[in-house]
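Accompanying notes for the structure given below.
The values are calculated or read from the model by the stated rules, or taken from the named source; none is laboratory data. All figures in this text were calculated on a predicted structure; none of them were measured in a lab. Positions of Cβ are backbone-derived with ideal geometry, glycine not excepted, and every protein chain shown enters the neighbour counts.
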């Protein structure tokens with residue numbers, strides 16, 4: 001079975017969570033590409049979100065994990081990319097539905113509103129859930145805007 005390639009990125013508010021999630025994933029055999037940030041120094045989240053999203057669009061990574069204080073900034077930025085479906089998860093069921101119903105390829109975590117244990121659980125659920133297709137595929141196929 002192919003090892004999943006995960007792109008990870010965050011701002012200063014998500015740094016500690018990213019580091020712990022990255023270690024958990026690496027210990028579980030995932031390949032993780034860390035796009036930063038690399039400290040708790042204040043940064044601008046788009047600088048880290050765009051490279052994560054672009055790596056998924058180019059098929060260099062299979063899924064992404066983005067973390068900031070509320071998850072809103074990283075989700076909004078990632079969803080500017082046509083091939084990205086970034087979903088904010090604050091409950092485990094939301095993480096599962098993001099994959100199974102919306103075929104999300106990036107999970108966005110709000111570090112100021114969930115515990116690290118919850119964040120790890122949501123990531124594991126997200127990565128282990130499969131897209132159901134069917135009626136959900138019809139809907140997902142209507143998301144992208146033709147240019």
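Quick notes
- Where residue 69 falls short, out of the listed (1) surrounded by fewer than 24 Cβ atoms within 10 Å (Cβ to Cβ); (2) within 20 Å of residue 25 (Cβ to Cβ); (3) touching a helix residue (DSSP H, G or I) at 6+ places or on another chain (Cβ under 6 Å): (2)
- Top-ranked residue in region 126-139 [being touching a helix residue (DSSP H, G or I) at 6+ places or on another chain (Cβ under 7 Å) and over 16 Å from residue 8 (Cα atoms); ranked as surrounded by the fewest Cβ atoms within 10 Å (Cβ to Cβ)]: 130
- Residue ranges of helices (runs of 4 or more DSSP H) in region 58-147 with at least 2 members under 24 Å from residue 39 (Cα atoms) and either at pLDDT 95 or above or over 12 Å from the mean Cα position of the chain (by Cα) (or both): 72-78, 116-128
- The condition of being surrounded by fewer than 24 Cβ atoms within 10 Å (Cβ to Cβ), assigned to a helix (DSSP H, G or I), on the phi < 0 side of the Ramachandran plot and free of Cβ contacts under 8 Å to residues at least 24 places away in the same chain does not hold for residue 54.
- Set side by side, the residues 18, 33, 22, 3 differ, and just one is in contact with a strand residue (DSSP E or B) (Cβ under 9 Å, 6 or more places away or on another chain) and in a strand (DSSP E or B), which is 33.
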